[in-house]
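**Student:** Let me give you the structure first, and then I'll get to my questions.
The values are calculated or read from the model by the stated rules, or taken from the named source; none is laboratory data. It should be emphasised that the depicted structure is a prediction, and the values quoted were computed from it without experimental measurement. Reconstructed Cβ throughout: ideal geometry from the backbone, glycine too, with neighbour counts over all protein chains shown.
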Amino acid sequence: METYQDVMVADPVFGPVWARPGLSRRDRRFVTLTCVCASESVGDMNDHAYAALASGDITYDELLEFVLHFAVYCGWPRGSEAEGAVRSQFARLAAERGENVPSRSDLPLESLGPTDHGRRLDEGEKCFVDVNLLPAPPRDSPYFQAGILAFVFGHLWQRPNLGRRERRLITVAAVGVSEALGPIYSHVGSALESGDISRSEMDEVILQFSAYAGFPKGRVLQKAASDSWQRISASNQEGQ
């Protein structure tokens, strides 16, 4: 199978990326949506939200959940734009199909997770370890306690409507767009080491990402994947 480098060199117009094997169209949509929602192109954002809904690849509720996860990793202002795109394209599709857009009820308070702060922090620490394969951070700053442990891993990663693999795809693309090396290595490495995304699938994720976020950013993800895989392989060999 062709690698990221093969396609980059052989076809500077990205080739038939969407038709490539190794990653489902639904997976490619999550990667692409993350990239276009992080950009400043409202047109691209609307087009890809519409396509995800019209194709049936991603449901409306899943897209709304995508927006929340995306907002945490790419920022609330961009999340606000993404929420608007998803809602407007859902209404557009309903109008084209001659359907009414039903009003949505307030979500139940239970959907916000445990209200016991101690339990929330305990579950956040456990989820952090499960996702990142690293010890949880201390509870000694607002960023770590209220942000990372209580919300990001005490709630966000445990919410329904999206599975852990889907959240991995969104997160890898989001940290790739951010160009923050620490999170890039952390999330690419943990996605590979956990087995949630295989090595060949990660190559396809990076290719899809590169087509929409640019090859310079894709090269950074590719180096992180290569370095992480080398570390994982060496560790596995030592454990044999």
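**Student:** Looking at (1) under 30 Å from GLY98 (Cα atoms); (2) touching a helix residue (DSSP H, G or I) at 6+ places or on another chain (Cβ under 6 Å); (3) in a helix (DSSP H, G or I), which is the one condition that is false for ASP57?
**Tutor:** Checking ASP57 against (1) under 30 Å from GLY98 (Cα atoms); (2) touching a helix residue (DSSP H, G or I) at 6+ places or on another chain (Cβ under 6 Å); (3) in a helix (DSSP H, G or I), the one that fails is (3).
**Student:** How do the pairs read when you match residues in region 97-124 that are without any contact (Cβ under 8 Å) to a residue 40 or more places away in the chain and among the basic types (Lys, Arg) with residues anywhere that are surrounded by 11 or more Cβ atoms within 10 Å (Cβ to Cβ) and part of a helix (DSSP H, G or I), using Cβ under 7 Å and keeping only pairs 6 or more apart or on different chains?
**Tutor:** Short answer, once both residue conditions are applied: ARG120/ALA150.
**Student:** Among ASP130, ASP140, which is in a loop (DSSP other than H, G, I, E, B) and either out of contact with any Asp or Glu (no Cβ under 6 Å at 6 or more places or on another chain) or aromatic (Phe, Trp, Tyr) (or both)?
**Tutor:** ASP140
**Student:** Let me ask another. What number of residues within region 17-32 satisfy the criterion of being under 12 Å from the mean Cα position of the chain (by Cα) and touching a residue at least 60 places away in the same chain (Cβ under 8 Å)?
**Tutor:** 5
**Student:** Name the single residue, out of those in region 192-219 being without any contact (Cβ under 8 Å) to a residue 60 or more places away in the chain and crowded, with 21+ Cβ neighbours inside 10 Å, that is farthest from ARG28 (Cα to Cα).
**Tutor:** Once the filter is applied, the top-ranked residue is LEU192.
**Student:** Related question: Does GLY124 satisfy the condition of being within 23 Å of PHE30 (Cβ to Cβ), out of contact with any strand residue (DSSP E or B) (no Cβ under 7 Å at 6 or more places or on another chain) and part of a helix (DSSP H, G or I)?
**Tutor:** When the stated conditions are applied, GLY124 does not pass them.
**Student:** Here's a follow-up. When the residues of region 19-31 are filtered to those that are farther than 8 Å from ALA173 by Cβ and not basic (Lys, Arg), which remaining residue is modelled with the lowest pLDDT?
**Tutor:** Per the criteria, the residue is ALA19.
**Student:** Mind checking which residues of region 74-103 are under 19 Å from ARG159 (Cα atoms) and surrounded by fewer than 17 Cβ atoms within 10 Å (Cβ to Cβ)?
**Tutor:** Matches in region 74-103: GLY75, TRP76.
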